[in-house]
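Participant: Quick one: structure below, then a few questions.
The values are calculated or read from the model by the stated rules, or taken from the named source; none is laboratory data. Values in this document were obtained by computation on a predicted structure and should not be read as measured data. Cβ atoms come from the backbone with ideal geometry, glycine included; neighbour counts cover every protein chain shown. Keep in mind that these areas ignore ligands, DNA and RNA; they rest on the heavy atoms of the full protein, side chains included. Shrake-Rupley method; radii C 1.70, N 1.55, O 1.52, S 1.80 Å.
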Amino acid sequence: MSSAPVYKPFLQRADSFYDTFQRKSGNKEVTHYCPGCGHGELHKMMAEAIDDLDIRDRTVLISPVGCSVFAYYYFDVGNVQAAHGRAPAVGTGVQRSRPHSIVISYQGDGDLAAIGLNEILQAANRGEKMVVFFVNNAIYGMTGGQMAPTTLPGMRTTTTPLGRDPRLAGNPMRMCELVAQLEAPIFVARGSLASPKEMKRTRKLVRKAMEMQVEGKGFCFVEVLSACPTGWGMTPVDAQQWIEDKLTPHFPLEIFVDKTDQERLEYVTPESPPREKLHEVLGIEADTKTMPAANPDPAHANPRIKVAGFGGQGVLLLGLGLAQCGMMEGRKVAWLPSYGPEMRGGTAHCHVNISEDEIGSPLVSRPTVLVAMNQPSMEKFEGELVPGALLLLNDSMVPGQPSRDDVDVVRVRATEMAEDLGNVRAANMVMLGAFAGYTGALNLETCLASLDTLIKRTALIDLNRKAITAGFEAGRKARG
Amino acid sequence: MATRPDRGRVEIGTDECKGCLLCTAVCPVHVLVRTKTLNKQGYFPVEYTGSGCTGCGFCFYACPEPGAITVFRLEKSA
Ligand SMILES: Cc1ncc(C[n+]2csc(CCOP(=O)(O)OP(=O)(O)O)c2C)c(N)n1
Ligand code: SF4
Ligand code: SF4
Ligand code: SF4
């Protein structure tokens, strides 16, 4: 008598899936996908490859926005969920900060080919070490079936109720072909989930791209023609057939790039000059000259300064000067220029922090000092001042009165004083001196010494020394 | 006369099935059929007729659900 036949599991739930899916709502045993959705089929192929290659511990899956937004509930790997279309950018960050990880960017056609078109092409062009699984179901599934860049001509969607008209909405975008014409990608292929035969081929593409990641070879892109029965308004079985009959003729199932013999992509760290040479590269002095520290009035020990004026009044340089002086006196400093359309005329401004302690944000939104070089600058920024702040005005160009009455207003005829010294453009240095003289936050000697760094043309140094000194005197006199 | 045992066998997780019928469509020997009893999710799940499976695995890959189908294969007897 023969013994009873023994059956062993051959294909079963992959270990790379969580045992239960801790979704907020719904059955914890099943995915949230509609019956017959291609996402689930591709998930299984990926999970199988992750299991077989034994890379669960170092795989990081970047989920997109779209129906597969919840992929992180299913895959027991590292997970990040990216903003719409940004998965390749997030993947770049993950890969660069953790070069040993296997990065998978999982994206739909709305996510990848519409809002994320730039990210995917840039990441492909840089040859980031990651594999992109691109689910092409020719529609926006999650949001209810709108046209995607991959929607077929004549195909009805909620946004093309009469069918996509290529004269109005262009033709379907072939992403593999676009990516394949870049230099860097090492594997670019399109598969389909239409039939057992195509699924078998697609499984091989998935496996190959994953293996190339394990070998650290570079950027792989696998597009998968996938059913969205809900968005297409078909039964799952009809949808499979539709992939074969309608989608496939538009999207040829080919391997477009296969650089299997590609060498391992060594991680390129940008070449940096030796530390001792850094100052030469940046054109700055090797060491900051140190100067004895001033002993400021406690109200001005840690000033948060905004400097504003017309473009051309040297506002940014004045801010830089304040920061330079602070640094020379051994304090922490931050200087943040605000570049805007104002660079060409209009108002320019910058933010300066000088502090005993570490500086959190370089942004000065509640200044303790406003240096206003002209009337519009005063009007624009005086409202930001904290009560009791210093409002240092270039009297020559601020005819009006400030509206604040709870601040300390000091006027210095900076432009006229600079003109008397021979050049109106030194008005900014008059104000630098005035700030130091009035607040005592910086020593005069420091301000003068900072010029060696600030002013490139030595011929102008003497003029600026005079301007600072005159401003310092004016400031001190105002203090009384 | 002893009949030869089937080369394969499948198990369907009744409550994990969404009744999409993709598995029945790809099964070359038509041994997966739809039942008439709603499952926990509100779908009519598929079941195995109980004989004839070849263990080809088509249904496994066609099924979008991670754990709805398990395919077994007959152990070669020594
Ligand atoms: C910035 C932003 N814009 C738009 C949306 C709305 N939105 C969510 S999913 C989606 C399209 C998803 O389509 P696809 O990438 O094809 O994925 P599928 O759902 O078909 O898998 C859109 C437009 C969003 N969430 N965020
Ligand atoms: S809407 Fe389409 S893509 Fe989204 S889960 Fe349903 S079938 Fe899948
Ligand atoms: S393994 Fe093959 S023969 Fe068996 S039920 Fe699945 S598709 Fe049918
Ligand atoms: S493919 Fe899976 S979900 Fe669909 S009917 Fe078969 S077992 Fe059920």
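Participant: Please determine whether any residue of the range B:31-52 is touching a residue at least 40 places away in the same chain (Cβ under 8 Å) and more than 15 Å from ligand 4 (Cβ to nearest atom).
Facilitator: yes
Participant: Also, quick follow-up: For B:Asn39, which of the numbered conditions (1) under 21 Å from A:Arg13 (Cα atoms); (2) at pLDDT 95 or above; (3) more than 7 Å from chain A (Cβ to nearest Cβ) fails to hold?
Facilitator: Looking at each condition in turn, B:Asn39 falls short on (2).
Participant: Moving to a separate point now. Could you give me the residue pairs with C-beta distances under 8 Å whose first residue belongs to the range A:24-52 and is under 16 Å from A:Pro196 (Cα atoms), whose second residue is among the small types (Gly, Ala, Ser) and within 13 Å of ligand 4 (Cβ to nearest atom) wherever it lies, and which are 6+ apart or on separate chains?
Facilitator: Close Cβ pairs satisfying both conditions: A:Gly36/A:Ala227; A:Gly36/A:Ala239; A:Cys37/A:Ala227; A:Gly38/A:Ala227; A:Glu41/B:Ala62.
Participant: Continuing with the same structure: Residue by residue through the range B:42-78, note down the ones that are on the phi > 0 side of the Ramachandran plot, at the interface with another protein chain (Cβ under 7 Å from one of its Cβ atoms) and out of contact with any Lys or Arg (no Cβ under 8 Å at 6 or more places or on another chain).
Facilitator: Scanning the range B:42-78 gives a single hit, B:Gly57.
Participant: Filter the range A:1-40 down to residues that are open to solvent by less than 10 Å² (accessible area, probe 1.4 Å) and either more than 9 Å from every other protein chain (Cβ to nearest Cβ) or more than 33 Å from the chain's Cα centre (by Cα) (or both), then give me how many there are.
Facilitator: 3
Participant: Just checking, how many residues over the range A:378-420 are part of a helix (DSSP H, G or I) and more than 21 Å from A:Ile468 (Cβ to Cβ)?
Facilitator: Here the count works out to 7.
Participant: Which of the residues belonging to the range A:208-241 are away from chain B (no Cβ under 13 Å), part of a helix (DSSP H, G or I) and either open to solvent by 10 Å² or more (accessible area, probe 1.4 Å) or at positive phi (or both)?
Facilitator: A:Lys208, A:Glu211, A:Gln213, A:Val214, A:Gly231, A:Trp232, listed by residue number.
Participant: Moving to a separate point now. How many residues are in contact with a Gly (Cβ under 7 Å, 6 or more places away or on another chain) and near ligand 4 (Cβ under 9 Å from one of its atoms) if we restrict to the range B:4-30?
Facilitator: So the count comes out to 4.
Participant: Kindly provide the set of residues from the range A:119-140 that are assigned to a loop (DSSP other than H, G, I, E, B) and not acidic (Asp, Glu), ordered by number.
Facilitator: Correct list: A:Gly127, A:Lys129, A:Met130, A:Asn137, A:Ala138.
Participant: Answer yes or no: is there a residue in the range A:220-231 that is hydroxyl-bearing (Ser, Thr, Tyr) and either farther than 28 Å from A:Thr92 by Cβ or out of contact with any helix residue (DSSP H, G or I) (no Cβ under 8 Å at 6 or more places or on another chain) (or both).
Facilitator: First pass over the range A:220-231, keeping only residues hydroxyl-bearing (Ser, Thr, Tyr): A:226, A:230.
Adding the requirement that they be either farther than 28 Å from A:Thr92 by Cβ or out of contact with any helix residue (DSSP H, G or I) (no Cβ under 8 Å at 6 or more places or on another chain) (or both) leaves A:230.
Checked against the condition, which is being hydroxyl-bearing (Ser, Thr, Tyr) and either farther than 28 Å from A:Thr92 by Cβ or out of contact with any helix residue (DSSP H, G or I) (no Cβ under 8 Å at 6 or more places or on another chain) (or both), the range A:220-231 yields at least one hit.
Participant: Looking at the range B:22-34, is at least one residue facing another protein chain (nearest Cβ under 7 Å), modelled with pLDDT under 95, surrounded by 17 or more Cβ atoms within 10 Å (Cβ to Cβ) and out of contact with any Leu (no Cβ under 8 Å at 6 or more places or on another chain)?
Facilitator: no
Participant: Look through the range A:290-328, keep the residues that are among the charged types (D, E, K, R) and in contact with a strand residue (DSSP E or B) (Cβ under 9 Å, 6 or more places away or on another chain), and return whichever of them is nearest to A:Lys456 (Cα to Cα).
Facilitator: Here the answer is A:Lys306.
Participant: Suppose we filter the range B:50-78 for residues that are open to solvent by 60 Å² or more (accessible area, probe 1.4 Å) and farther than 21 Å from A:Val6 by Cβ; how many remain?
Facilitator: So the answer is 1.
Participant: Please find, within the range A:53-79, the residue that is surrounded by the most Cβ atoms within 10 Å (Cβ to Cβ) out of those that are in contact (Cβ under 8 Å) with a residue 40 or more places away in the chain and in a loop (DSSP other than H, G, I, E, B).
Facilitator: Step one: filter the range A:53-79 for residues in contact (Cβ under 8 Å) with a residue 40 or more places away in the chain, giving A:53, A:55-56, A:58-70, A:73-77.
If we keep only those that are in a loop (DSSP other than H, G, I, E, B) too, we end up with A:55, A:64-66, A:74, A:76-77.
Working: A:Ile55: 18, A:Pro64: 29, A:Val65: 21, A:Gly66: 24, A:Tyr74: 27, A:Asp76: 18, A:Val77: 23.
The extreme case among them is A:Pro64.
Participant: Could you please let me know if A:Leu393 is in contact with a Phe, Trp or Tyr (Cβ under 9 Å, 6 or more places away or on another chain) and at pLDDT 95 or above?
Facilitator: No; evaluated as a whole, the condition is false for this residue.
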